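Bear in mind that the values in this text are calculations on the coordinates, not laboratory data. This is a predicted model, so every value here is computed, not measured. Counting neighbours? That spans all protein chains shown, and the Cβs are built from the backbone with ideal geometry, glycine included.
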Amino acid sequence: NAGVTQTPKFQVLKTGQSMTLQCAQDMNHEYMSWYRQDPGMGLRLIHYSVGAGITDQGEVPNGYNVSRSTTEDFPLRLLSAAPSQTSVYFCASTQQGGYGYTFGSGTRLTVV
Amino acid sequence: AQSVTQLGSHVSVSEGALVLLRCNYSSSVPPYLFWYVQYPNQGLQLLLKYTSAATLVKGINGFEAEFKKSETSFHLTKPSAHMSDAAEYFCAVSDQEGGGNKLTFGTGTQLKVEL
C-alpha cells in the first residue's frame, strides 16, 4: 500500500517554464489537496478536489491549475513558473468524515 | 472562515520535561482538529485528531490533546520529552459541515529537546 505518491522529489525550473507535479493515491479517497510550504508560513492550500471532476480554489491558487479525471490522480500544473513559486509542495488525500489527510513526501521546487 | 494560531514558533524543553504546544482555533461551525508532526525533509504525519467523540484525544508517541470549546483551544502535551520528539508540529482545523475537505494550518512550532 503506497499511500500518496508524489513525483518528482526535486525540480529546478527556469522562470517562464511550465511543468506538472504528479500526485497519485491508492486508498480510494474522495478528497485530495495541494499545499505549498514556505518557512514561517505553515502550509497553504492551493487547490482541492472533493471527487473526480470536481475541483476548487484554495488560499493561494494564482499561477496553478489542477484537474481530477480519476479518483487516484490529482496533478498540479505550473503555467509559467516564477521565483515566488519556489517552495515545497505537498499533495494529500483523505476520506469524508474528519479522518485527517495523508500526505505525500513532497516535491522541492526551485525556480531560478 | 477558519483559522489557527500557534503560540510560540520555537519551544525548547529538557529531555524528560513536560511538552506543551499551544493551539487556538477560530471556527463558526463545529470543527475537526488535528495535530501533525514533520521531521526534517519529510512529509507530515498525523499525530492525533478530534472529531467530537471525546474531548481528550490520545495519539501516537505518547502525545495527547484536549479540546476545550470554551477556550477555543486544542493544546498538545506529552508528559516526558524524548530526544526523538524534536521536530516541527502543526495544528490544523477543518469544518465538520464540509466533511473535513479543507484543512487550514497554523504556522507551526519547532520543538527542540535538550539534554
Springs between alpha-carbon pairs under 10 angstrom, Gaussian network model over chain A: which of A:Ser93, A:Ser33, A:Ser67 fluctuates most? A:Ser67
To one decimal place, what orientation-averaged projected area in nm² is obtained for the convex hull of the Cα set of the range B:31-115? 6.1 nm²
Expressed as a whole number, the average count of other chain Cβ atoms within 10 Å around the Cβ atoms of A:35-45 is 4
Given charges of +1 on the Cβ of Lys and Arg and -1 on the Cβ of Asp and Glu, with all other atoms neutral, how large is the dipole of chain B about its Cα centre, in debye to the nearest 20? 140 debye
For the protein assembly as shown, what is the Kirkwood hydrodynamic radius in Å, using each pair of distinct C-alpha atoms? 18.0 Å
Taking chain A as a Gaussian network, Cα atoms linked when under 10 Å apart, which of A:Val12, A:Val66, A:Val50 shows the biggest mean-square fluctuation? A:Val12
Value of relative contact order over chain A, rounded to a whole percent, pairs C-alpha under 8 Å and six or more apart: 35 percent
Taking the number of other C-beta atoms within 10 Å as the exposure measure, put A:Ile54, A:Ile46 in order starting with the fewest. A:Ile54, A:Ile46
Once the Cα gyration tensor of the range A:64-112 is found, what semi-axes does its equivalent ellipsoid get, as square roots of 5 times the eigenvalues, in whole Å, sorted largest first? 24, 14, 8
Hey, can you rank A:22-32, B:39-49, B:62-72, B:87-97 by average C-beta count inside 10 Å, highest first? B:87-97, A:22-32, B:39-49, B:62-72
How shielded is A:99-109 by partner chains, expressed as the average number of their Cβ atoms within 10 Å of its Cβ atoms? 5
Using Cα pairs under 8 angstrom and six or more residues apart, how large is the relative contact order of the range B:1-73, in percent? 23 percent
